[in-house]
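This report refers to the structure that appears directly beneath it.
The values are calculated or read from the model by the stated rules, or taken from the named source; none is laboratory data. Treat the numbers as computed from the prediction; the structure is a model and nothing was measured. For neighbour counting, all protein chains shown are included, and Cβ atoms are generated from backbone atoms with ideal geometry for every residue, glycine included. SASA here: full protein model, heavy atoms, side chains in, ligands and nucleic acids out. Shrake-Rupley method; radii C 1.70, N 1.55, O 1.52, S 1.80 Å.
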Amino acid sequence: MTTPDHESPAPQPPTPGQRDRTYRSPMGIAGGVLLLAIVAWLGIDAIVSGRDRTPWLALAAMIFLIPLIAAFTLRPAVFASEERLRIRNPFRIITVPWGQVVSLRSGYSNEVVAKSGSKYQLWAVPVSLRARKKAAARDARANAQRAAEASGQGGRRGMGGGFGLGGLSRGAADVSDGPARAESDKVMDDLRELLETKGESDAARGEVTVRWAYEIAVPVLAGAVLLAILVATG
């Protein structure tokens, strides 16, 4: 899934009593809160001031939309510990021990590939092609600065010393010590490092477990059925 570059997951380091690293999308959460506020405002207004069937339609729409919006914006998260990766997606929670992970792929979406061949998308770590292009542009500028610095230094040596453009650009070139990376790619790098260091440990063994989020699915289904009945009988 491709998302705009404002979707940048933020790692939250573990506290002394918490072992998991938590990755979520701050802008996804902000967008979800805004959408929920709009739905609640319009829905409550329709329930209070609406006539005839309008309050019931508004109520059914709220029952359907509120958990659905929360599922795709507030709920997604990735929890990484030394033993396993726990993926909280809109309608499922997948727990994958590091020993069961074959690879972590980054393409148009970020996903985990298990030994069974199953693939699980990381909704909380959305890919932004625009952010990748920006990171590549920054990297290209840094490489150009380093090349200019090397050229300036070479020219300066050939002239027997003195100050040149190379000396002026040295501080700017030192800003980037490595290739620039988009935020979601940095998160995947962190997860790959955990996989490499913990994947063979005894604590990382176990089976993949998948639990459906019925607390989300049931209200969404109930709201959809109620809304469909009201529209069909209208």
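Some points to look at:
- Set R138, R156: member being modelled with pLDDT under 70 and either β-branched (V, I, T) or open to solvent by 60 Å² or more (accessible area, probe 1.4 Å) (or both): R138
- The selection criterion, being in contact with a strand residue (DSSP E or B) (Cβ under 8 Å, 6 or more places away or on another chain), of a type in the set (A, V, I, L, M) and at pLDDT 95 or above, holds for I87.
- Test: residue in the stretch 110-117 that is more than 23 Å from A213 (Cα to Cα) and open to solvent by less than 30 Å² (accessible area, probe 1.4 Å): no
- Per-region count, the stretch 70-84, residues crowded, with 21+ Cβ neighbours inside 10 Å and either out of contact with any strand residue (DSSP E or B) (no Cβ under 8 Å at 6 or more places or on another chain) or without any contact (Cβ under 8 Å) to a residue 40 or more places away in the chain (or both): 2
- Scanning the stretch 211-234 for residues that are within 16 Å of G43 (Cα to Cα) and small (G, A, S) yields G223, A224.
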